[in-house]
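Quick note: the coordinates plus some simple rules give every number you see, no bench work behind them. All figures in this text were calculated on a predicted structure; none of them were measured in a lab. Positions of Cβ are backbone-derived with ideal geometry, glycine not excepted, and every protein chain shown enters the neighbour counts.
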Amino acid sequence: MAAITTIGFDADDTLWHNERFFRLTQERFVALLAAHGEAHEIEARLIAAERRNLGAYGYGIKGFTLSMIETALEVTGEATPPGAIRAILEAGREMLAHPVETLPHARQTLETLAGRHRIVLITKGDLFDQERKLAASGLGDLFDAVEIVSEKTPETYARLFARHGEGPERAAMVGNSLKSDVLPAIAAGSVGIHVPYEITWALEEAEAPLGEPRFHAIEDLSRVPALIERVGRGG
């Protein structure tokens, strides 16, 4: 296997916490509508709304907020109190203003790799919110390039690793999502490195490609530099 010259990093739940705030807001939302259904039923309706709306709203807090409003209207039979709609909007604004907390080893790992490799942030979601989080993280100066995309597909990785490196065959993608960060990167010809997060969004669940030689799973970001070196040696 060729030495890795370009490394892509996911952002949310790979470099900083994100899904935990969605989960907390979801719990508040379910409690808000407790009189209109069981928790698991409301959660299922919300997930269905998010899946249905991805093509229109994309990923991120704004789409999540709109999906919560849509779900509230559904479960209340279009009789959602204005106060509940206001509470949902306020919850979305709170998420958009929430401080960024980087994950352990994020800065140290990026600093170790910077200079040795081209480091590219590849994330999906709302442009303004992703730019805000990157600026607040203090990690922005460690990247050679930043790409905020609408979806992560094999074609996305092939294009970006050609643009910022020597092609997907000499690139690795590091992320917490098997569905978005690992599987499409491997399909493009890159190494896929899975760093699991404590929570996985239902729409990001996927099976690990066990037996695939370009797939690697590690416990945390601190193990990335040694893994990249080992892969370059053919390990």
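In a DSSP loop and with at most 10 other Cβ atoms within 10 Å, the GluC sites (Glu not before Pro) in segment 72-126 are E78.
For E27 and R132, FRET efficiency with R0 = 22 Å and r from the beta-carbon atoms, rounded to 0.05?
0.40
Which one, Q26, Q130, Q108, has the greatest fluctuation when you compute a Gaussian network model over the chain with C-alpha springs under 10 angstrom? Top of the fluctuation ranking is Q108. Sorted ascending by nearby beta carbons within 10 Å, beginning with the fewest, D12, D126, D141 become D141, D126, D12.
Please give the contour-minus-distance gain from T153 to E212: 0.36 nm per residue of separation, less the Cα-Cα distance, rounded to one decimal in nm.
Working: separation 59, 0.36 × 59 = 21.24 nm, distance 1.81 nm.
Here the answer is 19.4 nm.
Quick check: residue separation of E229 and A39 times 0.36 nm, minus the Cα distance between them. What number comes out in nm? Provide the component values of the computation, followed by the final result.
Values: separation 190, 0.36 × 190 = 68.40 nm, distance 4.67 nm.
The E229-A39 span can extend by a further 63.7 nm.
Against the main long axis of the alpha-carbon atoms of the chain, helix 82-96 sits at an angle near 20°.
What angle do you read, to the nearest 10 degrees and between 0 and 90, between the alpha-carbon axis of helix 39-57 and the longest principal axis of the chain? Tilt relative to the chain: about 60 degrees.
The phi torsions of segment 128-139, fed into the Karplus equation with coefficients 6.51, -1.76 and 1.60 and a -60° offset, translate into couplings of 5, 5, 5, 5, 4, 5, 4, 5, 6, 6, x, 9 Hz, rounded to whole numbers, with Gly and Pro shown as x. The mean of 1/r over all distinct Cα pairs in segment 19-96, once inverted, gives the Kirkwood hydrodynamic radius of 12.3 Å. Sorting the segments 33-44, 56-67, 194-205 by their residues' average number of neighbouring beta-carbon atoms within 10 angstrom, most packed first, yields 56-67, 194-205, 33-44.
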